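Below is one structure, written out as structure tokens; the observations come after it.
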Amino acid sequence: MAILRGGRRIGNYDIRIGLPRDRSLDNVNADERLGRKPGGNPETTINRFIAQVNQGEGLARPTRYLVVIQPPQNLKTSTKAVGPGGRYSEVVQSPTGLNEMESNEIKRNVGMMCRNITMPSRDIATAENRQYGPGRLMPYAYKFSGSIEASFYGDKFLRQRTFFENWQKKIIDVSTHHMDYYDKYVGTMDIFQLGSFAAEQDRDRVTYAVRLYEVFPSTIGSYDYSYGATDSAVNVPITLNFRTWKNLTLDQVNGATVGSPFGDVPTIKAGKDFGLFGGILNRLPPEIRRAGRDILQTTRRNLPIGRVTGGKVFPPFL
């Protein structure tokens, strides 16, 4: 379709003049310039840098992440009732008493509404050991920061803030002021770095993931209301305490692997996705394992039955 078009009929002839639209962005993926390799000496610093970036399949983006929070099960399964003599007894509620703030749907909502979050750190504690000459800093333990900061977009009902308020009620009863047992109010939280995999034709695949253990919300921060903030959204600041964290793929927590859909990582088992071949691949080094997984996945999708089922049926291996 032309940007500008006009015409006039003179006798038996139509004379038309048009200004065509820009076609430089049509079929961008087929542009030969995208496949062009850097010219000149491949051993220059810039070419070596480009080669290293390409080897890592691009750079990680701070906007490509997802948070999955697993609070303690049944956040409000019990209440404390004060009885005679100042004693209190535990009254267990039925599962039907759980409210919407404890459903799987709200947990997914809170994770997706995470506006920003800090990746946890890990430090090696050292002490100086001096015997002769300059001393040495000798490691004796490892430690964690103990808390991370996050903020969440709040919807009209501020369900995200209510979610963490319910979690804090599991820590301390706001009526009786009694503290509950530690194991009853700590949960876990996963932070996924996402990326694209050509063989998967999916931009949201796990490239790095950590799991925080013994997590609980220590602070629900404040935020300001203002008539001048007409086009702004409410951001709910939360401080989360944790005890330790692990790399899901490096430490092979639950058999998690790079390139898996983020929804499969918390429960994925070794060999689950690839049957017999998957069990063999998981025993190979990471570089070979990733290449073999891409080849196997492509084969599954290219076979006739794989094209029909989207690669979900691949006899006789599944």
Enumeration of residues in segment 211-235 that are within 19 Å of the chain's Cα centre (by Cα) and either outside the structural domain of Ser121 (by TED's automatic domain parsing) or of a type in the set (Val, Ile, Thr) (or both): Val215
Residue pairs meeting the criteria (Cβ under 6 Å; at least 6 apart or on separate chains; first assigned by TED's automatic domain parsing to the domain that holds Glu214, in segment 135-155; second of a type in the set (Lys, Arg) and modelled with pLDDT under 90): Phe144/Arg122
Unmet requirement for Phe277, which otherwise passes all of (1) part of a loop (DSSP other than H, G, I, E, B); (2) at pLDDT below 80: (1)
Pair list, Cβ under 6 Å, 6 or more apart: segment 186-205 residue under 20 Å from Leu248 (Cα atoms), other residue modelled with pLDDT under 70 and part of a loop (DSSP other than H, G, I, E, B): Phe192/Phe262; Phe197/Gly259; Arg205/Gly259
Residue within segment 154-161 that is closer than 28 Å to Ala60 by Cβ, of a type outside the set (Val, Ile, Thr) and touching a Gly at 6+ places or on another chain (Cβ under 9 Å) present: yes
Filtered residues of segment 113-150 (kept if hydrophobic (A, V, I, L, M, F, W, C) and either surrounded by fewer than 13 Cβ atoms within 10 Å (Cβ to Cβ) or modelled with pLDDT of 90 or more (or both)): Met113, Cys114, Ile117, Met119, Ile124, Ala125, Ala127, Leu137, Met138, Ala141, Ile148, Ala150
Residue that is surrounded by the fewest Cβ atoms within 10 Å (Cβ to Cβ), among those in segment 1-30 that are acidic (Asp, Glu) and at pLDDT below 75: Asp22
Selection count, segment 207-220, where residues are over 22 Å from Met179 (Cβ atoms) and surrounded by fewer than 18 Cβ atoms within 10 Å (Cβ to Cβ): 1
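May I ask you to say which residue of Ala60, Ala51 is in contact with a Gly (Cβ under 9 Å, 6 or more places away or on another chain), modelled with pLDDT of 70 or more, surrounded by 10 or more Cβ atoms within 10 Å (Cβ to Cβ) and aliphatic (A, V, I, L, M)?
Of the residues listed, the single one that is in contact with a Gly (Cβ under 9 Å, 6 or more places away or on another chain), modelled with pLDDT of 70 or more, surrounded by 10 or more Cβ atoms within 10 Å (Cβ to Cβ) and aliphatic (A, V, I, L, M) is Ala60.
I'd like the full set of residues that are crowded, with 16+ Cβ neighbours inside 10 Å and in contact with a strand residue (DSSP E or B) (Cβ under 7 Å, 6 or more places away or on another chain), limited to segment 151-165. It would help to see each step written out before you state the result.
Restricting attention to segment 151-165, the residues satisfying the condition of being crowded, with 16+ Cβ neighbours inside 10 Å are 151-152, 154, 159-164.
Of everything in segment 151-165, those that are crowded, with 16+ Cβ neighbours inside 10 Å and in contact with a strand residue (DSSP E or B) (Cβ under 7 Å, 6 or more places away or on another chain) turn out to be Ser151, Phe152, Gly154, Gln160, Arg161, Phe164.
The values are calculated or read from the model by the stated rules, or taken from the named source; none is laboratory data. Bear in mind the structure is a predicted one, so any value in this text is a computation, not a measurement. Note: ideal-geometry Cβ built from the backbone for every residue, glycine included; neighbour counts use all protein chains shown.
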